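Working notes, beginning with the structure itself.
Only the coordinates and a few stated rules stand behind these numbers; no lab work does. Quick caveat, the model's predicted, so the values are computed rather than measured. Counting neighbours? That spans all protein chains shown, and the Cβs are built from the backbone with ideal geometry, glycine included.
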């Protein structure tokens with residue numbers, strides 16, 4: 001393609017977007033836009049941010065405490081993978097959304113949201129996802145944001161002093177009824193509003209309130225008086241806010257020069273669309289720990305160079321341009337990163353600002369509209385609570401706890417997003433990030449306190465191990481050692497155990513390995529010279545190295561309590577889980593028994609149990625005669641899948657109860673998903689089958705190792721074909737390459753089949 005034609009195509013697209021996005025409007029055109037969609041232009045920052053979260057939609061996810069709403073804005077909106085997805089943390093998402101709802105209903109943003117938790121618990125990632133969502137939403141028609149600028153035309157268009165004095169031009173004089181669309185050559189001065197005041201502020205407050213309420217009522221949207229439908233509330237900012245000091249000075253000077261002619265003043269107003277931008281600090285800013293206050297100003301009229309470019313009527317007007325993070329973030333969100341690392345005097349102004357949305361400066365008061373989000377680690381928050389000033393801050397802060405993740409699959413999502421073949425420069429073997437996530441979660445778990453539970457379940461709670469607690473949190477899986485009844489009781493306690501320490505200062509998820517530390521360990525493991533892939537075995541070595549460095553990692557100093565905080569033992573526990581997974585994957589890849597055969601066995605057993613529980617006979621599929629349930633066949637199956645000590649009748653009734661519960665939870669399912677309903681039962685079936693064929697399994701695995709070594713020639717053609725089929729399945733179904741498959745099987749043979 002020719003360069004000129006390419007540039008012409010790009011230019012045409014940019015021009016179309018500019019017109020389509022209505023980037024520049026006169027005040028009259030803006031009012032027409034407002035009348036068509038008043039709600040979108042009548043929002044304050046809290047309402048806007050709430051709409052940002054709503055615009056991406058929600059989904060219901062499973063959680064240890066039940067079903068929970070997840071906001072999709074935290075799933076990398078617009079495909080922006082620079083910031084990363086917020087894994088888990090649905091409790092935090094819903095807490096922030098509720099607070100925005102409170103601000104909306106109150107009609108004002110009157111508190112600072114303080115997110116607190118251990119270092120590396122995704123506080124910054126959470127806010128970055130919100131900011132990315134705001135950027136994306138502000139580029140949509142429903143998220144359009146506007147502010148005003150003042151336009152002063154050149155003398156060739158207006159005789160006299162650039163719109164002041166001289167010849168008066170009637171408002172109905174054709175193209176000059178507004179200066180908003182003048183070419184750059186026809187404009188001498190453009191004065192923007194640094195605070196990005198809403199264009200409606202150019203209308204006097206009393207008239208503005210009547211306009212807002214009338215337009216919203218006409219569209220059937222609720223107002224401050226509850227008129228119309230919906231829960232929209234006009235904020236104090238939109239009802240009573242006024243132009244900033246500079247814009248008010250210009251407006252007053254214009255009104256005086258035009259002898260009170262409001263329409264003449266409005267000719268100078270140009271409405272411009274702006275977009276939320278982190279890079280250019282428009283509508284969102286991150287304030288790092290610093291010594292200075294976050295707002296300042298300079299007097300424009302004191303600068304002789306700037307004064308020469310001003311219209312003559314403004315030469316005697318004191319114009320002040322506000323600057324600083326608070327100003328840049330207006331109409332959006334400001335993040336105070338590690339706020340409590342700053343000296344108290346540097347953020348004491350937040351006492352008043354968080355409640356009144358005003359910051360007094362020497363010559364004027366800043367009136368701002370922005371959501372305040374701050375972050376802090378637990379140590380600094382604890383120290384802050386000890387200060388006398390905390391009593392003053394307490395009523396102006398909403399605390400939101402952001403703990404470490406306690407579900408390993410969510411933790412794995414954090415690593416999978418950044419530990420890829422591209423970032424580590426080699427293949428990532430199956431389970432490499434999973435074992436790291438499991439170990440990280442185990443380091444964060446606390447032993448439950450039995451005395452907080454009813455007497456009948458105290459022993460169950462007291463005996464649960466860290467690994468068992470991890471699997472209970474993740475999928476509601478209970479230990480095989482428990483009877484069906486006890487397993488059911490433990491599942492009921494899942495939510496209580498998850499929330500048990502929420503009221504404690506040293507809550508579960510406050511300490512342990514951080515995701516940052518684990519990511520470093522994974523990158524180090526990728527450089528292990530003995531493995532051609534990023535292998536789980538290299539990860540184990542890195543985790544063992546971490547456990548030895550107690551001077552660096554504070555969580556290693558915790559006292560071991562009934563297996564909890566035993567971090568070296570956790571490496572061995574995760575290693576055992578890894579062996580179970582590899583063993584199952586290799587066995588499945590050999591195809592000795594198909595999943596369909598297991599399913600058929602379970603379906604037949606459940607069919608018999610169902611009729612036994614009801615006391616019904618079943619029809620013989622060969623003769624058609626009605627017969628009693630085959631007790632012997634059920635007993636044979638139960639000898640394999642039933643926990644020791646379980647009473648057969650109770651076990652059978654418990655199974656049917658689980659089937660009924662699944663039907664209630666999934667009424668739209670046309671077929672019963674038995675592997676999902678009875679994962680433990682299927683696992684015991686597989687283990688039983690393979691235990692009986694251990695010799696065959698050992699030989700087959702040895703054949704795989706021979707195939708991957710120099711001894712391939714010793715295998716027969718049939719054996720080589722079997723191995724190739726196994727490796728192909730391991731690759732396609734589980735993601736192994738020949739190198740990591742060989743390392744995994746060697747490790748498995750050494751630990752399990754030696």
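Note on 547, 533: ascending count of other Cβ atoms within 10 Å places them as 547, 533, the fewest first. Packing, as the average of other Cβ atoms within 10 Å across residues, places the peptides 657-664, 668-675, 126-133 in the order 126-133, 657-664, 668-675, highest first. With R₀ fixed at 35 Å, the C-beta to C-beta distance from residue 481 to residue 532 puts the FRET efficiency at about 0.35.
With each label modelled as a point 7 angstrom along the Cα→C-beta vector, the residue 348-residue 545 pair spans 4.9 nm.
Subtracting the Cα-Cα distance of residue 451 and residue 54 from 0.36 nm times their residue separation leaves 138.7 nm of extension gain. Computed from label points 7 Å out along Cα-Cβ, the spacing between residue 728 and residue 362 is 8.1 nm. The alpha carbon centroids of the range 623-671 and the range 430-509 are separated by 27 Å. The simple spin-label model puts a point 7 Å past each Cα toward its Cβ; for residue 658 and residue 316 those points are separated by 8.9 nm. Extent along the principal axes, Cα only, for the range 408-591: 54, 48, 25 Å, with the longest axis given first.
Going from the fewest other Cβ atoms within 10 Å to the most, the residues 279, 270, 686 appear in the order 279, 686, 270. Each peptide in 572-578, 193-199 was scored by the mean count of other Cβ atoms within 10 Å over its residues; highest first, the order is 193-199, 572-578. The overall shape of the chain is prolate: from the C-alpha gyration tensor, with semi-axes ordered a ≥ b ≥ c, the ratio a/c is 1.5 or greater and a/b exceeds b/c.
Computed from Cα positions, the angle between helix 631-641 and the longest principal axis of the chain comes to roughly 60 degrees. When only Cα pairs below 8 angstrom with a gap of at least 6 residues are kept, the chain shows a relative contact order of 13 percent. Highest mean packing first, where packing is the average number of other Cβ atoms within 10 Å per residue, the peptides 700-708, 178-186 line up as 700-708, 178-186. Helices in the chain, meaning DSSP H runs of at least 4 residues, each add -39500 (n - 2.57). Divided by all residues, the mean residue ellipticity at 222 nm is -14500 deg cm²/dmol. Relative to the longest principal axis of the Cα atoms of the chain, the long axis of helix 738-752 makes an angle of roughly 50 degrees.
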